[in-house]
Amino acid sequence: MAPDGRLRSEEVAVKFGRNLFRCRRRAAMSQEELGALASLHRTEIGMLEAGTRLARVDTLMKLAGALSISPLELLDGIHWTPGNSAEGSFSVTDRSLSRLRGDC
């Protein structure tokens with residue numbers, strides 16, 4: 001991992017993007033439709049799904065609301081481990097709760 005945590009942030013962005021793509025497809029929405037409902041531009045939806053942009057909290061809430069899902073669905077498989085005297089770290093897993101439950 002890079003000292004500034006950049007590598008882990010990129011992994012988080014990619015995992016979030018996969019979750020967003022899966023949930024959007026399950027809702028049978030285009031990027032344009034989701035963007036309109038979430039008050040976001042279609043290109044931002046595309047960048048989020050591609051993992052080239054990391055969502056802010058307000059964006060997370062807009063997306064979850066537009067998809068009528070819990071924000072947790074978009075964060076599935078993304079975990080934070082707090083550090084004691086060192087910096088904490090994110091971890092990304094492929095095993096998602098939504099796949100086990102059959103959700104998006």
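Observations
- Taking each residue of region 10-29 that is more than 11 Å from Leu48 (Cβ to Cβ) and looking for partners that are surrounded by 20 or more Cβ atoms within 10 Å (Cβ to Cβ) and charged (D, E, K, R) with beta-carbon atoms closer than 6 Å, six or more apart or interchain, yields Cys23/Glu73.
- Those helices (runs of 4 or more DSSP H) lying entirely in region 5-104 with at least 1 residues modelled with pLDDT under 95: 6-26, 97-101
- For region 30-45, filtered to residues that are surrounded by 15 or more Cβ atoms within 10 Å (Cβ to Cβ) and not aliphatic (A, V, I, L, M), the residue that is farthest from Ile78 (Cα to Cα) is Glu33.
- Scan region 62-71 for residues that are within 14 Å of Asn19 (Cα to Cα) and surrounded by 13 or more Cβ atoms within 10 Å (Cβ to Cβ) and the total you get is 5.
The values are calculated or read from the model by the stated rules, or taken from the named source; none is laboratory data. Fair warning: this is a prediction, and the values are worked out from it, not measured in the lab. Counting neighbours? That spans all protein chains shown, and the Cβs are built from the backbone with ideal geometry, glycine included.
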